[in-house]
């Protein structure tokens, strides 16, 4: 009996070395730059590689399509949010939760506002090209980071599960980040946005501490 060879689809190359990462990131950066200047449907892969300064074949070493590139861009921006939340959680250990939450809110907001146009494209791509299971998984990760941050604070009740408050903070902050990034810069005052979101987060935590919902066991 003659054994027949099966054809296996060749996976796209994963960037490993520094130069490979630079090529992949150049393609992503060029794509987002073009999105800031134009419409998604009008951008071609040839446009992307021309702006990135790489060969057309280099694109297909890393991405199968423009849609996969869009999902990759969303993935890496979401990782930036997670890394920022993790850094803030590490700094929250032994600190009052209101102080930790305020610092985290302002850090995230400044990150988005300092690169407003590109973050706006992130949230737009997320809505258009993130599969629902992936969106839910990312959101669960954001909520978990908030939960760990609250539970690491000095005044969080020992043994109390922080999932509920973490979910509320995550919804509040993520919604504010997305709305800010998708709004035109001329439509809001950065200082006022920082003040209002800081006030919303700290007021919520203050109300939570005085509420019987929170079992204050120390």
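The values are calculated or read from the model by the stated rules, or taken from the named source; none is laboratory data. Being a predicted model, the structure only gives us computed values, none of them experimental. No Cβ is skipped: glycine too gets one built from the backbone with ideal geometry, and neighbour counts run over all protein chains shown.
List the number of the failed condition for residue 57; all other conditions in (1) within 18 Å of residue 127 (Cα to Cα); (2) modelled with pLDDT under 95 hold.
Tallying (1) within 18 Å of residue 127 (Cα to Cα); (2) modelled with pLDDT under 95, residue 57 fails exactly one: (1).
Residue by residue through the range 161-191, note down the ones that are in a loop (DSSP other than H, G, I, E, B) and under 21 Å from residue 141 (Cβ atoms).
First pass over the range 161-191, keeping only residues in a loop (DSSP other than H, G, I, E, B): 161-162, 183-184, 188-189.
Correct list: 161, 162.
Which residue, of 128, 106, is surrounded by fewer than 21 Cβ atoms within 10 Å (Cβ to Cβ) and closer than 20 Å to residue 195 by Cβ?
Values: 128 fails: closer than 20 Å to residue 195 by Cβ.
The unique qualifying residue is 106.
Condition (residue is more than 18 Å from residue 157 (Cα to Cα), part of a helix (DSSP H, G or I) and under 12 Å from the mean Cα position of the chain (by Cα)) applied to the range 88-95: is it met by at least one residue?
No, the conditions are met nowhere in the range 88-95.
Tell me, yes or no, whether the range 91-110 has at least one residue that is out of contact with any strand residue (DSSP E or B) (no Cβ under 6 Å at 6 or more places or on another chain), closer than 24 Å to residue 179 by Cβ and without any contact (Cβ under 8 Å) to a residue 12 or more places away in the chain. Reasoning before the result, please.
Taking the range 91-110 first, the residues out of contact with any strand residue (DSSP E or B) (no Cβ under 6 Å at 6 or more places or on another chain) are 91-110.
Cutting the leftovers down to closer than 24 Å to residue 179 by Cβ gives us 98, 100-110.
Filter once more, keeping what is without any contact (Cβ under 8 Å) to a residue 12 or more places away in the chain: none.
Checked the range 91-110: no residue is out of contact with any strand residue (DSSP E or B) (no Cβ under 6 Å at 6 or more places or on another chain), closer than 24 Å to residue 179 by Cβ and without any contact (Cβ under 8 Å) to a residue 12 or more places away in the chain.
Those residues that are in contact (Cβ under 8 Å) with a residue 12 or more places away in the chain and closer than 18 Å to residue 124 by Cβ, I need them from the range 143-182; list them, please.
Result: 174, 176, 177, 178, 180, 181, 182.
Somewhere in the range 201-217, is a residue within 28 Å of residue 113 (Cα to Cα), part of a loop (DSSP other than H, G, I, E, B) and in contact with a helix residue (DSSP H, G or I) (Cβ under 7 Å, 6 or more places away or on another chain)?
No, that holds for no residue.
Name the single residue that is nearest to residue 73 (Cα to Cα) among those in the range 113-130 being free of Cβ contacts under 8 Å to residues at least 24 places away in the same chain and not in a helix (DSSP H, G or I). Break it down stepwise before answering.
Of the residues in the range 113-130, the ones free of Cβ contacts under 8 Å to residues at least 24 places away in the same chain are 114-115, 127.
From what's left, not in a helix (DSSP H, G or I): 114-115.
Numbers: 114: 18, 115: 15 Å.
Residue satisfying both the conditions and the ranking: 115.
Here are some residues: 194, 136. Which one is surrounded by 15 or more Cβ atoms within 10 Å (Cβ to Cβ) and either in the same structural domain as residue 35 (by TED's automatic domain parsing) or in a helix (DSSP H, G or I) (or both)?
On the way: 136 fails: surrounded by 15 or more Cβ atoms within 10 Å (Cβ to Cβ).
Exactly one residue qualifies, and that residue is 194.
Does the range 142-155 contain any residue that is within 16 Å of residue 76 (Cα to Cα) and touching a helix residue (DSSP H, G or I) at 6+ places or on another chain (Cβ under 6 Å)? Talk me through it step by step, then tell me what you get.
First, the residues of the range 142-155 that are within 16 Å of residue 76 (Cα to Cα): 142.
Okay, now just the ones that are also touching a helix residue (DSSP H, G or I) at 6+ places or on another chain (Cβ under 6 Å), so 142.
For the range 142-155, residues within 16 Å of residue 76 (Cα to Cα) and touching a helix residue (DSSP H, G or I) at 6+ places or on another chain (Cβ under 6 Å): present.
Looking at residue 131 and the list (1) farther than 22 Å from residue 120 by Cβ; (2) at pLDDT below 95, which single condition is not satisfied?
Looking at each condition in turn, residue 131 falls short on (1).
Given the structure, is residue 82 out of contact with any strand residue (DSSP E or B) (no Cβ under 9 Å at 6 or more places or on another chain) and not assigned by TED's automatic domain parsing to the domain that holds residue 23?
For residue 82, the condition - out of contact with any strand residue (DSSP E or B) (no Cβ under 9 Å at 6 or more places or on another chain) and not assigned by TED's automatic domain parsing to the domain that holds residue 23 - is met.
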